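The values are calculated or read from the model by the stated rules, or taken from the named source; none is laboratory data. Treat the numbers as computed from the prediction; the structure is a model and nothing was measured. Glycine gets a Cβ as well: all are built from the backbone with ideal geometry, and neighbour counts include every protein chain shown.
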Amino acid sequence: MMSDNTNTTGSITALRVALVVIGLIFIFGIYPQTVLRPSGWSWGHGSSHYPAMIIGIYATLGLFLLIAARNPLAHRSLIWFTLVSSVVHAAIMAVEAITDPAEHGHLTGDVPALLFVAIVLAVLMPRAGKAVSRRARVTGRGHGWWRPSDRRRRLPPRPA
């Protein structure tokens, strides 16, 4: 049977791999999809500035996910932002794809891809309790960075 520490290490390793894969796909994979399968990955009709903007945003996010892969616990807010923004973006795109017949292809393209990214990150992100308990084992303190330290400032004795 694996210990809690081994489970935590294994889940962090899996999260690191997922962050690298997702980061590389965001950097290098979105543009080719807009060319190879525009009906499911490229929005807008005719000439549009949207694809260049969205590719730039996702490439930037991909770069930061690669950086986060080095130490995922230190970049939890970025990972949660990626997860939540992927769900929100997919939900908005799904509504747009359903209401605009010309965009139905996105229901089998970028919409499920973003939901898949969110599910993978949700499954692999350690919950706060696990992260705090691991921190407590390593540092001896179980509180977060936002709380005062256990060390009390020592005041000089009062004169009698």
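Residue count for the stretch 60-75 under the criterion of being of a type in the set (Gly, Ala, Ser) and over 14 Å from Leu121 (Cα atoms): the result is 1. On inspection, Ala52 does not qualify as in a helix (DSSP H, G or I) and surrounded by 17 or more Cβ atoms within 10 Å (Cβ to Cβ). Confirm whether His75 is closer than 20 Å to Thr34 by Cβ, surrounded by 14 or more Cβ atoms within 10 Å (Cβ to Cβ) and either without any contact (Cβ under 8 Å) to a residue 24 or more places away in the chain or in contact with a helix residue (DSSP H, G or I) (Cβ under 9 Å, 6 or more places away or on another chain) (or both). The answer is no for His75. Among residues of the stretch 103-125 being of a type in the set (Val, Ile, Thr) and surrounded by 15 or more Cβ atoms within 10 Å (Cβ to Cβ), the one that is nearest to Ala91 (Cα to Cα) is Val111. Tell me, please, whether a residue that is small (Gly, Ala, Ser), within 24 Å of Ala18 (Cβ to Cβ) and modelled with pLDDT of 95 or more can be found in the stretch 103-110. So far as the stretch 103-110 goes, no, none of its residues is small (Gly, Ala, Ser), within 24 Å of Ala18 (Cβ to Cβ) and modelled with pLDDT of 95 or more.
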